[in-house]
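Step one of this worksheet: look at the structure below.
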Amino acid sequence: MPTIHRRAGGALLAFAAFAAADVASAAIYCVRNESELQQALNDAAASGNDDEIRIREGAYTAFSQSFRYTATTTGWLVISGGWTTVDGVDCVGQGRDASRTILEGAGQRSVLRITHLAAEGATRAPSVFVQNLSLRNGRGDEAAFERGGALDVSGYSDHYMEIRLDNLVVADSSGYFGGGANLYVKNGMIRVLNSLFAGNRSETVATGHLTTTVVATEAGTSPAVTIANSTFVGGRCPGQGSRGCGVSAGLPEGVRLDVVNSLFFDNEISDLNIEGMSVIGLGNGEAHADHSLIGTVSGNLPLDATNLLSGDPRFVDAANGDYRLRDDSPFINQGLAAVPLTQPPLAHDLGGSPRTRFGAMDPGAYENQTWDFIFRDGFGD
């Protein structure tokens, strides 16, 4: 358990082992209200160290402006929710139910914006982790072409940068392009794991849920973009050419996208839009999918798909936002037993329950917890 020290202004700061980033030490901020959250983002942005912001369970509304982190420093950044008090000490226990920590835009503004700008003389860029949170009701300013109504993470450094989203709910948000989230790195890697994108939209263009762009990556980084064990439902938009309302990936030469164990359902026009960058002189990458439900694919690049699923996933109650698989879902136990390039391996689903049951994962953000394989085979009828 780290030693946590209280400092002036009520924020909490500690120096301890930073396991998520695998570095020797880091500043750890524990926040309990909106002002402490923004102050922690400001302090982390000014710091040259590695920083972890732990958000206590509860709801946090971006009242006057979006929660913002803008930095040129090179320290790692981890933002995570679900933190609780143990033995009278704040932020040392953590639950894995992402619905218990909510960052809210109230339908007025985007929720969380993380920007890393290139710094003169810098020798590396940070990695950014956003984990175990719900980001809801964000609204990007479409007149200002603001992407990512719930979440925008953009890295403009020439040095390698990683963006990792894990155990997130991104819901009921809008933006110019990528109504739910926009992820961009000039050089690096993107991972989206164990997450739910639901009811997101672009009011005037395309891509309701998520846009990912990796302009370049290091040799040997393949795939540079991974989407695994995630669910994308109810994307809405008017569309833009062939671009639809689900997920859009920009893939230049040398950049590969892998979609694994994921469910795309009820997204208008297309589920997945895949675009190369040859038109701007950057060539074309490649896209692959495995053990996933993907209906309509658009864009100028083909999808190399194996073991695709088909049919109705049979969510428990989609109309009321419950995207767990029902006991009679045809997709139970139909995912890969182990998803590559997810280190550490997925141990919990989005609700905090065990991820792998009966030897294989369910595709999507949730693992069915009540199904019995005996009845699945017809016994007991």
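State all residues of region 220-240 that are assigned to a loop (DSSP other than H, G, I, E, B) and in contact (Cβ under 8 Å) with a residue 12 or more places away in the chain; if no residue qualifies, say none.
The answer is THR221, SER222, PRO223, ALA224, ASN229, SER230, GLY234, GLY235, CYS237, PRO238, GLY239.
State whether one or more residues within region 89-96 are within 18 Å of the chain's Cα centre (by Cα), of a type in the set (Asp, Glu) and either more than 30 Å from HIS159 (Cα to Cα) or open to solvent by less than 30 Å² (accessible area, probe 1.4 Å) (or both).
no
Within the bounds of region 212-233, is there any residue that is within 15 Å of the chain's Cα centre (by Cα) and open to solvent by 10 Å² or more (accessible area, probe 1.4 Å)?
Among the residues of region 212-233, at least one is within 15 Å of the chain's Cα centre (by Cα) and open to solvent by 10 Å² or more (accessible area, probe 1.4 Å), which makes the answer yes.
Could you identify the single residue in VAL214, VAL233 that is modelled with pLDDT of 95 or more, touching a helix residue (DSSP H, G or I) at 6+ places or on another chain (Cβ under 8 Å) and hydrophobic (A, V, I, L, M, F, W, C)?
VAL233
Given the conditions (1) charged (D, E, K, R); (2) surrounded by fewer than 22 Cβ atoms within 10 Å (Cβ to Cβ); (3) over 19 Å from LEU272 (Cα atoms); (4) over 12 Å from the mean Cα position of the chain (by Cα), and given that ARG136 satisfies all but one, which numbered condition is not satisfied?
(2)
Taking the criterion of being in a loop (DSSP other than H, G, I, E, B), open to solvent by 60 Å² or more (accessible area, probe 1.4 Å) and at pLDDT 75 or above, would at least one residue in region 360-370 satisfy it?
Within region 360-370, one or more residues are in a loop (DSSP other than H, G, I, E, B), open to solvent by 60 Å² or more (accessible area, probe 1.4 Å) and at pLDDT 75 or above.
If you go through region 102-110 one residue at a time, do you hit one that is more than 20 Å from the chain's Cα centre (by Cα) and open to solvent by 60 Å² or more (accessible area, probe 1.4 Å)?
Yes, because at least one residue in region 102-110 is more than 20 Å from the chain's Cα centre (by Cα) and open to solvent by 60 Å² or more (accessible area, probe 1.4 Å).
If you check VAL185 against the conditions, is it modelled with pLDDT of 95 or more, more than 26 Å from TRP83 (Cβ to Cβ) and open to solvent by less than 10 Å² (accessible area, probe 1.4 Å)?
Against the criterion (modelled with pLDDT of 95 or more, more than 26 Å from TRP83 (Cβ to Cβ) and open to solvent by less than 10 Å² (accessible area, probe 1.4 Å)), VAL185 qualifies.
The values are calculated or read from the model by the stated rules, or taken from the named source; none is laboratory data. Keep in mind that this is a model prediction, so the values were computed, not measured. FYI the Cβ positions are ideal-geometry reconstructions off the backbone, even for glycines, and counts take in every protein chain you see. Please note that ligands, DNA and RNA were not included when accessible areas were found on the heavy atoms of the full protein model with its side chains. Shrake-Rupley method; radii C 1.70, N 1.55, O 1.52, S 1.80 Å.
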